[in-house]
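The values are calculated or read from the model by the stated rules, or taken from the named source; none is laboratory data. Everything quoted here is computed from the prediction, not taken from an experiment. Because the Cβ atoms are built from the backbone with ideal geometry, glycine has one as well, and the counts that use them run over all protein chains shown.
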Amino acid sequence: AQKITQTQPGMFVQEKEAVTLDCTYDTSDPSYGLFWYKQPSSGEMIFLIYQGSYDQQNATEGRYSLNFQKARKSANLVISASQLGDSAMYFCAMREVSRDDKIIFGKGTRLHILP
Amino acid sequence: EPEVTQTPSHQVTQMGQEVILRCVPISNHLYFYWYRQILGQKVEFLVSFYNNEISEKSEIFDDQFSVERPDGSNFTLKIRSTKLEDSAMYFCASRGEGATIQETQYFGPGTRLLVL
């Protein structure tokens, strides 16, 4: 079974609009962390935002926020006021504390921002 | 801002040849990782390394792969006899000493390996 599911292979969004990238996860570990990474066409992996399973509030980092719904096991990334430079591949990822140290990635969503 | 660096950015090699991918983790980090991303696919964990030994490895990380920290700054991934299916982007990552889940792994820019 997939640990991280990103159901949107691609999205097109008009510049300046908000966009939500979906992510659901599967774990029985009570302690875990959720991450979002951005991969532009140049290939590097850029850390965007982190949410811990015990965090009471949704994480925010500038224009990025994480809509964490623990009961639904979802961790959607919200980008407000999208910019052309936001065009990239976005990966949702998870680390389970009791298991090991690795990060498990989803298949990603390719976001295209239209001028 | 400190960052993970990787060399080379691109490498082309013949099948059966050995390759060494190099990484310089962030200087005060103690945990190191290699991941790979086959073109168009998701990022996959290969190996984690701490205190000069492998902490965990995936089933991908077979006997053809090895890692080493030859000095205080470099962290290398060696593929002894490359196969066509080793063609991928290889990412090095590192994280700090904290034991909490919040410790983020920071990724390098990657090395794109092409095996012909």
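Sort out which residues of the stretch A:45-61 are within 11 Å of chain B (Cβ to nearest Cβ) and surrounded by fewer than 18 Cβ atoms within 10 Å (Cβ to Cβ), and write them in order of number. Within the stretch A:45-61, A:I46, A:F47, A:G52, A:Y54, A:D55 meet the criteria. The residue that is surrounded by the most Cβ atoms within 10 Å (Cβ to Cβ), counting only those in the stretch A:6-24 that are touching a Lys or Arg at 6+ places or on another chain (Cβ under 8 Å) and farther than 18 Å from A:L48 by Cα, is A:M11. Would a scan of the stretch A:12-19 turn up a residue that is under 10 Å from the mean Cα position of the chain (by Cα), more than 29 Å from B:S48 (Cβ to Cβ) and more than 12 Å from chain B (Cβ to nearest Cβ)? There is no residue in the stretch A:12-19 that is under 10 Å from the mean Cα position of the chain (by Cα), more than 29 Å from B:S48 (Cβ to Cβ) and more than 12 Å from chain B (Cβ to nearest Cβ).
Quick check: anything in the stretch A:23-31 within 20 Å of B:L39 (Cα to Cα), over 10 Å from the mean Cα position of the chain (by Cα), in a loop (DSSP other than H, G, I, E, B) and modelled with pLDDT under 90? Looking for residues that are within 20 Å of B:L39 (Cα to Cα), over 10 Å from the mean Cα position of the chain (by Cα), in a loop (DSSP other than H, G, I, E, B) and modelled with pLDDT under 90, one finds none in the stretch A:23-31, hence no.
Evaluation of B:L113 against the conditions (1) more than 15 Å from the chain's Cα centre (by Cα); (2) under 28 Å from A:T109 (Cβ atoms) shows that the sole unmet condition is (1).
Kindly provide the set of residues from the stretch A:86-115 that are more than 10 Å from chain B (Cβ to nearest Cβ), buried (at least 19 other Cβ atoms within 10 Å of the Cβ) and outside any strand (DSSP E or B), ordered by number. If the condition is that a residue be more than 10 Å from chain B (Cβ to nearest Cβ), buried (at least 19 other Cβ atoms within 10 Å of the Cβ) and outside any strand (DSSP E or B), then A:D86 is the only one that fits.
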